[in-house]
1. Restricting to segment 1-28, name every residue that is outside any helix (DSSP H, G or I), over 30 Å from SER66 (Cα atoms) and open to solvent by less than 70 Å² (accessible area, probe 1.4 Å).
2. Within segment 415-428, can one find any residue that is open to solvent by 60 Å² or more (accessible area, probe 1.4 Å) and within 16 Å of the chain's Cα centre (by Cα)?
3. Within segment 89-111, work out how many residues are open to solvent by less than 30 Å² (accessible area, probe 1.4 Å), over 22 Å from the mean Cα position of the chain (by Cα) and of a type in the set (A, V, I, L, M).
4. Let me confirm something: among VAL119, VAL187, VAL107, which residue is touching a strand residue (DSSP E or B) at 6+ places or on another chain (Cβ under 9 Å), farther than 30 Å from LEU281 by Cα and at pLDDT 95 or above?
5. Would you mention how many residues in segment 264-279 are modelled with pLDDT of 75 or more and open to solvent by less than 80 Å² (accessible area, probe 1.4 Å)?
6. Inside segment 395-414, can you point out the residues that are open to solvent by 30 Å² or more (accessible area, probe 1.4 Å) and either over 21 Å from the mean Cα position of the chain (by Cα) or within 20 Å of THR186 (Cα to Cα) (or both)?
7. Are there any pairs, at least 6 apart or on different chains, whose C-beta atoms fall under 9 Å, with the first in segment 110-132 and under 25 Å from LYS302 (Cβ atoms) and the second open to solvent by 60 Å² or more (accessible area, probe 1.4 Å) and not in a strand (DSSP E or B), and if so, which?
8. Among the residues of segment 349-388, what is the count of those that are among the polar types (S, T, N, Q), surrounded by fewer than 20 Cβ atoms within 10 Å (Cβ to Cβ) and either in contact with a strand residue (DSSP E or B) (Cβ under 8 Å, 6 or more places away or on another chain) or in contact (Cβ under 8 Å) with a residue 24 or more places away in the chain (or both)?
Amino acid sequence: AVSWYDEFQRLYDTIPCVEVQALKEHNDQVLHLSFSHSGCLFASCSKDCTVKIWSNELDISLQHSSNMRPYNWSYTQFSQFNSDDSLLLVSGVFVGPHNSSSGEIAVISMENFTLLSRVRNKPYDVFGCWLNETNLISGNLHRIGRITSCSVLWLNNAFQGIESENVNVVKRLFKIQNLNASTIRTVMVADCSRYDSPDLLLDYEEQLAASSTCPVFDLGSDSEEEEAKPKPPPEAAVQELPDAGGVPEEHGLQQLFDDIMEGRVRPAMTETQLETKVAELFVRSRTKPPEPNLLPTDSNSKTKYLIFTTGCLTYSPHQIGIKRILPHQMTTAGPVLGEERRSDEFFDSLDHVIDIHGHIIGMGLSPDHRYLYVNSRAWPQDCVISDPMQPPPIAEEIDLHVFDLKTMKEVKRALRAHRAYTPNEECFFIFLDVSRDFVA
């Protein structure tokens, strides 16, 4: 280094750390670690079906351990402290009737380590997350057809067992249709009011100027309407609708559907493709339109975004869905879903969709909640998906993408350094964590 200060910085930032302690209290794989916002505590989840809470002193000590086996859980998989570190959300997998595996979220009080409430969470890789100090988001899945389903996202009060029966302890937030065997997973909340906290603003402008070779990808579409519609699978475009002529596509679909139902025409597509077509037709006429102007205009905006993985072509998560949560939706008080919508508005549309063209295996937010970091394994360049149950093969390399949630654009294709060798159907989630200066 050229100066003592540079040398100090080099030592501080790049010298490998020394292992001071090995914690051996878990007796199976450790799947996830989460730190409290104060940094004083951390929680660990494991296949041994316990969640353990540790004190992060110079000599780390175990404060508490909860065994979730008595609640029929198979293992604990994820945890998150609420913003004032008074509660811990723990998400896990449990075995339901007929050996079906589903998920559940438990809330533990940090004051006396008691279990406050448990909420169903399906599929289990929704994981769950805090919306604010006392409300958390969970998911449920309802089958509609063989490959069509509906994901409902619920807002739950952490103190379910304690509240009086006159208070809503749950409220339906959103109801979203899933095509081609996809489901909503990995929910997280970004708080737009934190975007401009000055000490955390990463200086991407300078970095971009310095490395002008880095492409900036525009992932926004030209019109709100285009975003709202699930994009039809590429191969469906080849099958012309019979005698559609100059009829709008929606009417053409309706005509085709009527013809098939009344036996006038034999469908030139598989049962799966037909189900998707019918589902698309249904969702178009029964969906609440997206909120106008998704992007928050002022920096102290009260808006929050619900961010999750989803898809439209296959069951493997290949898109990021973004749905704005408005201030009146952030509490379990007030009307439940259904009272504020018209009877034909059966589903909610997504406000924005980012297509990754690959299998998403991890997501994390920067501390200021402005940047979304995404781990993915890419699909082959021009692959065509003809069967939603047969997703394309995935690359061994893991790509790390960075999206600016203020502009909804990709700002930096940061890294392609890690590798993973699991095939598509065994591909698992790799959590990533983002601090001010590092991504882990």
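The values are calculated or read from the model by the stated rules, or taken from the named source; none is laboratory data. Everything numeric in this text was worked out from a predicted model, so none of it was measured. Here Cβ is always computed from backbone atoms with ideal geometry, including for glycine, and neighbour counts include all displayed protein chains. Accessible surface areas use protein heavy atoms only, side chains included; no ligands, DNA or RNA. Shrake-Rupley method; radii C 1.70, N 1.55, O 1.52, S 1.80 Å.
1. Selection gives SER3 alone.
2. Narrowing segment 415-428 to residues open to solvent by 60 Å² or more (accessible area, probe 1.4 Å): 415-419, 421, 425-426, 428.
From what is left, the residues that are within 16 Å of the chain's Cα centre (by Cα) are 428.
Among the residues of segment 415-428, at least one is open to solvent by 60 Å² or more (accessible area, probe 1.4 Å) and within 16 Å of the chain's Cα centre (by Cα), which makes the answer yes.
3. As a first pass, look at segment 89-111 and keep what is open to solvent by less than 30 Å² (accessible area, probe 1.4 Å): 89-94, 96, 102-110.
Now drop any that are not over 22 Å from the mean Cα position of the chain (by Cα), which leaves 96, 108-110.
Remaining after also requiring of a type in the set (A, V, I, L, M): 108, 110.
Going through segment 89-111 one residue at a time, the tally reaches 2.
4. Working: VAL119 fails: at pLDDT 95 or above; VAL187 fails: farther than 30 Å from LEU281 by Cα.
Selected residue: VAL107, the only one of VAL119, VAL187, VAL107 that is touching a strand residue (DSSP E or B) at 6+ places or on another chain (Cβ under 9 Å), farther than 30 Å from LEU281 by Cα and at pLDDT 95 or above.
5. Within segment 264-279, the subset modelled with pLDDT of 75 or more is 270-279.
Going one step further and asking which of them are open to solvent by less than 80 Å² (accessible area, probe 1.4 Å), we end up with 270, 272-279.
Here the count works out to 9.
6. Let us first name the residues in segment 395-414 that are open to solvent by 30 Å² or more (accessible area, probe 1.4 Å), namely 396-397, 406-407, 409, 412-414.
Matches in segment 395-414: GLU396, GLU397.
7. TRP130/SER83; ASN132/SER83
8. Residues of segment 349-388 that are among the polar types (S, T, N, Q), as a first pass: 349, 366, 375-376, 381, 386.
Subsequent filtering for residues that are surrounded by fewer than 20 Cβ atoms within 10 Å (Cβ to Cβ) retains 381, 386.
Now drop any that are not either in contact with a strand residue (DSSP E or B) (Cβ under 8 Å, 6 or more places away or on another chain) or in contact (Cβ under 8 Å) with a residue 24 or more places away in the chain (or both), which leaves 386.
Residues meeting the conditions: 1.
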